[in-house]
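Q: The following block contains the structure, expressed as structure tokens.
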Amino acid sequence: MVATLSPYRKKRLPVKAKDIPHNLIYEIMDGKPIYYEGFREVLSNKKTFEDIMGSSRLQSRIIAVIVKDLNIRLSDDFEALSNEFGIHLDHKNNLCGDIGIFASSQFSDTTDEDKYFDIPPKIVVEIDTKAALEFIDEGGYYHKKTQKLLDFGVEKVIRFYTKTQKVMIAQKEKSWTIDDWNINIEIMPDLNLCLTDLMAKKGITI
């Protein structure tokens with residue numbers, strides 16, 4: 001899917017890309033930097049980098065409740081990781097993930113080094129994004145990133161949208177689906193999750 005940009009989004013950045021600090025880059029996609037949402041405020045000294053790099057309270061609580069539920073119910077053969085882990089697809093693509101489910105066996109032949117994962121999670125779960133999308137077609141960004149993860153070897157990408165309270169489920173060579181949060185979705189065989197129920201138990205409201 002090729003993203004088409006509106007005339008407004010085709011406007012150039014007010015500063016040259018080379019002058020934007022590297023730490024304001026959220027992801028690299030097709031060799032091009034995608035900046036953190038709020039990067040302009042950092043450049044104009046209205047916010048600090050720490051102000052924009054963290055998840056919102058809503059996103060943080062949703063991620064925490066999902067990870068806790070998964071780690072309680074996953075077998076010892078799997079691990080649910082979070083903390084905006086990095087995924088190195090190739091030299092032109094470094095992406096971030098909110099939650100990744102890995103098989104423990106995937107780590108047996110690797111060293112835990114200070115670098116991005118170069119192995120695909122079995123499952124990726126995303127809550128919105130921290131990317132600045134003003135110069136990117138929003139739907140194109142989500143779909144393109146999802147397809148890249150599937151092509152890398154991720155078996156399923158599950159993306160929750162807080163504004164619409166919808167969930168997109170994407171699997172390779174299967175039709176992608178969009179549904180409401182209140183459905184019981186399959187994370188893995190014999191492991192389902194209903195985000196509405198999890199949020200209700202923790203008193204998380206929108």
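Q: Test of understanding: among Phe102, Phe78, Phe85, which residue is surrounded by 15 or more Cβ atoms within 10 Å (Cβ to Cβ), at pLDDT 90 or above and farther than 25 Å from Thr196 by Cβ?
A: When all the criteria are applied, what remains is Phe102.
Q: Select from region 65-100 the residues that are more than 19 Å from Met29 (Cα to Cα), hydrophobic (A, V, I, L, M, F, W, C) and over 13 Å from the mean Cα position of the chain (by Cα) and list them in ascending order.
A: Residues satisfying the conditions are Val65, Ile66, Val67, Leu70, Ile72, Leu74, Phe78, Ala80.
Q: Given (1) in a strand (DSSP E or B); (2) touching a residue at least 40 places away in the same chain (Cβ under 8 Å); (3) not small (Gly, Ala, Ser), identify the lone condition not met by Ile158.
A: Condition not satisfied by Ile158: (2).
Q: State which residue is modelled with the lowest pLDDT when the search covers only region 105-118 and only residues that are surrounded by fewer than 16 Cβ atoms within 10 Å (Cβ to Cβ) and either under 24 Å from Pro33 (Cβ atoms) or among the acidic types (Asp, Glu) (or both).
A: Asp112
Q: Being in a strand (DSSP E or B), within 13 Å of Val125 (Cβ to Cβ) and in contact (Cβ under 8 Å) with a residue 12 or more places away in the chain is the filter here, so list the residues in region 170-195 that pass it.
A: Within region 170-195, Ala170, Ile185, Ile187, Met188, Leu191, Leu193 meet the criteria.
Q: Also, quick follow-up: Is it fair to say Arg40 is within 19 Å of the chain's Cα centre (by Cα) and more than 15 Å from Phe102 (Cα to Cα)?
A: It is false that Arg40 is within 19 Å of the chain's Cα centre (by Cα) and more than 15 Å from Phe102 (Cα to Cα).
Q: Take the residues in region 124-155 that are over 22 Å from Arg40 (Cβ atoms) and in a loop (DSSP other than H, G, I, E, B), then tell me which one is nearest to the chain's Cα centre (by Cα).
A: So the residue we want is Val154.
The values are calculated or read from the model by the stated rules, or taken from the named source; none is laboratory data. Note that the coordinates shown come from a computational prediction; the quantities given were computed from them, not determined experimentally. Note: ideal-geometry Cβ built from the backbone for every residue, glycine included; neighbour counts use all protein chains shown.
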